[in-house]
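The structure appears right after this line, and notes come after that.
The values are calculated or read from the model by the stated rules, or taken from the named source; none is laboratory data. Quick caveat: nothing in here was measured; it's all calculated off a predicted structure. Cβ atoms come from the backbone with ideal geometry, glycine included; neighbour counts cover every protein chain shown.
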Amino acid sequence: MKSLPTKKNHVLGAALVAAAMALPLSNAAFADAAPEKGIVAFKYLNYEDSQPGMERMDINAYTVSAMAPIAGTWSISTSYTYDSVTGASPKFHSYFDPPATDGTSGASKIREQRYSGDLSVTRYLSKGSVTAGTSYSKENDYISRGYSAQASIPTEDKNTTFAFGGSYTTDTINSSNSIAKNMAKRTVAALVGVTQVLTKQDIVQVNLGYSRGKGYFNDPYKDLDQRPDRKESKTVMTRWNHHFDGIDGTSHLSYRYYTDTFGIRAHTFGLEYLQSLPNDWTVTPSVRFSSQTAADFYFPTNSADDPSFPSPDAENLFMAGSYVSLDQRLSSYGALTLGIKVSKRIAKDWLVDVKYENYEQRAGWSMTGGGDAGLAPFSASFFQVGLSREF
């Protein structure tokens, strides 16, 4: 639930997820017993995206994380991430002018560094566990602070575990183009979930999430971008893990439904299969498909022909209640991600893994139709290398 800079939140969000930087509330399940060993890990991630005729973003992220058990009933976890961002993003839709003298005409040129960290402490009880955490992220135009708490309660037979959590995030935005000066955004979120052991081979989980935000949701780096100052969202996440004893493999199926007051409705289907191989090798292919509807105030590429499209005059556009965005991320589209991960355990305590994913987004792939046919295709690739050691 970490908030990220508006102008690139889908990019960095994906990067940080891939770098295992999710906050505690996004954990799939909660442990009932204190860990016996600690872990130190390092991950490097490279992210690149592009559209026809132009390479857009290039991100390099470095993450160091650690978890240590304390006195048999506590554990402490922390991580630190540094990432550098270079490239350019469209001022609206997928529009790029021929380069001007500074090479930024029709696009916002970006060259930034971001520093972030988080810390959490867990207390393991006779029945369940309680975790409290905090996070901090800073870059030249954006500061984010987050606080979270969560608890898990198993039943007597430990076949069922209930989870509860909440978080509060406060963000401050000072865009480099001076459009947003000391703008704030506050978000509260809650999660409830249940994990059920069905058989020796099957585990299912259902999580319900809710968030409510107030403040600055505009993208100051995009032309004609005015969004509501309040946003609520709801999510339903289901997972089913099945283990195949005969071949020592495990399938992970997932489905997520998302809806918000901007008018976006999204479906995400995921499948990955983890296969153990001889000599402590593991291979995990994956596929994920997502589809969303457009925000109520999104205007497509032929906006100028729409009589309801507001005048670009600032006084008219930014009058109260006049919302508009030409941001491609708020359009209706479908997206397919294919990936593969290979890991190898070395000398029992060391684990090395390499992961690659390719993401393709098209307006015509929207499950509900209505995609903006004028949008250029969008592609992205993720490459990640990780190294961890138990102690």
**Asked** List pairs: first in the stretch 122-136 and without any contact (Cβ under 8 Å) to a residue 40 or more places away in the chain, second among the charged types (D, E, K, R), Cβ under 7 Å, 6+ apart or cross-chain?
**Response** VAL130/ARG123; THR134/ASP118; TYR136/ARG145
**Prompt:** For residues in the stretch 37-91 being among the basic types (Lys, Arg) and more than 30 Å from GLN226 (Cβ to Cβ), which is modelled with the lowest pLDDT?
**Reply:** LYS37
**Asked** Does VAL236 qualify as being among the aliphatic types (A, V, I, L, M), in contact with a Phe, Trp or Tyr (Cβ under 7 Å, 6 or more places away or on another chain) and loosely packed, with under 14 Cβ neighbours inside 10 Å?
**Response** yes
**Request:** Under 7 Å between Cβ atoms, at least 6 apart or on separate chains: pull out the pairs that start in the stretch 239-253 with a residue that is within 20 Å of VAL194 (Cα to Cα) and at pLDDT 95 or above and end on any residue that is polar (S, T, N, Q) and not in a strand (DSSP E or B).
**Result:** HIS242/GLN201; HIS243/GLN201
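Anything in the stretch 210-254 that is closer than 30 Å to HIS93 by Cβ, under 19 Å from the mean Cα position of the chain (by Cα) and not hydrophobic (A, V, I, L, M, F, W, C)? List them, or say none.
Filtering the stretch 210-254 for residues closer than 30 Å to HIS93 by Cβ gives 211-235.
From what is left, the residues that are under 19 Å from the mean Cα position of the chain (by Cα) are 211-213, 217-219, 231-235.
SER211, ARG212, GLY213, ASN218, ASP219, LYS231, GLU232, SER233, LYS234, THR235 - these are the residues of the stretch 210-254 that are closer than 30 Å to HIS93 by Cβ, under 19 Å from the mean Cα position of the chain (by Cα) and not hydrophobic (A, V, I, L, M, F, W, C).
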**Request:** Could you give me the residue pairs with C-beta distances under 9 Å whose first residue belongs to the stretch 366-391 and is among the basic types (Lys, Arg), whose second residue is assigned to a strand (DSSP E or B) wherever it lies, and which are 6+ apart or on separate chains?
**Result:** ARG389/ILE39; ARG389/VAL40; ARG389/ALA41; ARG389/TRP350; ARG389/LEU351
**Message:** Condition first: under 30 Å from ILE39 (Cα atoms) and in a loop (DSSP other than H, G, I, E, B). Now tell me which residues in the stretch 353-391 satisfy that.
**Reply:** PHE391
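Using the structure shown, decide if ALA22 is surrounded by fewer than 20 Cβ atoms within 10 Å (Cβ to Cβ) and modelled with pLDDT of 90 or more.
On the way: surrounded by fewer than 20 Cβ atoms within 10 Å (Cβ to Cβ): yes; modelled with pLDDT of 90 or more: no.
Spelling it out, it is not the case that ALA22 is surrounded by fewer than 20 Cβ atoms within 10 Å (Cβ to Cβ) and modelled with pLDDT of 90 or more.
Just give me the residues in the stretch 335-358 being touching a helix residue (DSSP H, G or I) at 6+ places or on another chain (Cβ under 8 Å) and either aliphatic (A, V, I, L, M) or closer than 20 Å to PHE269 by Cα (or both), in sequence order. Write out each step before concluding.
Within the stretch 335-358, the subset touching a helix residue (DSSP H, G or I) at 6+ places or on another chain (Cβ under 8 Å) is 335-336, 344-346, 355, 357.
Matches in the stretch 335-358: ALA335, LEU336, ILE346, LYS355, GLU357.
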**Asked** Of (1) more than 19 Å from GLN292 (Cβ to Cβ); (2) more than 17 Å from the chain's Cα centre (by Cα); (3) buried (at least 18 other Cβ atoms within 10 Å of the Cβ), GLY339 satisfies all except one. Which?
**Response** (2)
**Asked** When the stretch 248-304 is examined, which residues are found to be surrounded by fewer than 14 Cβ atoms within 10 Å (Cβ to Cβ), more than 20 Å from THR238 (Cα to Cα) and aromatic (Phe, Trp, Tyr)?
**Response** TRP281
**Request:** Assess whether ASP97 counts as being acidic (Asp, Glu) and modelled with pLDDT of 95 or more.
**Result:** no
**Request:** Would you mind telling me which numbered condition in (1) closer than 19 Å to THR81 by Cβ; (2) surrounded by 16 or more Cβ atoms within 10 Å (Cβ to Cβ) LEU387 fails?
**Result:** (2)
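Please state which one of GLN196, GLN201 is surrounded by fewer than 18 Cβ atoms within 10 Å (Cβ to Cβ), without any contact (Cβ under 8 Å) to a residue 40 or more places away in the chain and of a type in the set (S, T, N, Q).
GLN196
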